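One structure is given here, and the rest of the page talks about it.
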Amino acid sequence: LRRAIYAKLKRPASSEVREITQTFKAFDLNNDGLVSFDEFKQAMKKYGLECTDSLQMGGVSVDELHALFDRYDAESSGSLSHAEFAAGL
């Protein structure tokens, strides 16, 4: 019983699942079901996180953005699946 309750509490609400799916689709610019680093970078820029070669106010370096992307890319495939994207959020 305790495991069943824990599993239910751990499961995201359907509204959260919808929001994650919508966000993933916004990042998946070519609609291939994966998010490449370039798509990730473009989407982050769209949401206000500018990626530059130098550190500027409000921006991050390409290396920092790549490090974030690599943390999400659990399979080290160079792209993010929906499951990897959701797990990273």
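Readers should treat all values here as calculations from the given coordinates under stated rules, not as data from a laboratory. Please read these numbers as outputs of a predicted model, since none were measured by experiment.
Close amide H pairs (under 5 Å, H built 1.01 Å from N) link Cys51 with Val60, residues at least 5 positions away or on another chain.
Each 10 Å bin from 0 upward holds the following percent of the Cα-Cα pairs of the stretch 22-89: 23, 54, 22, 1.
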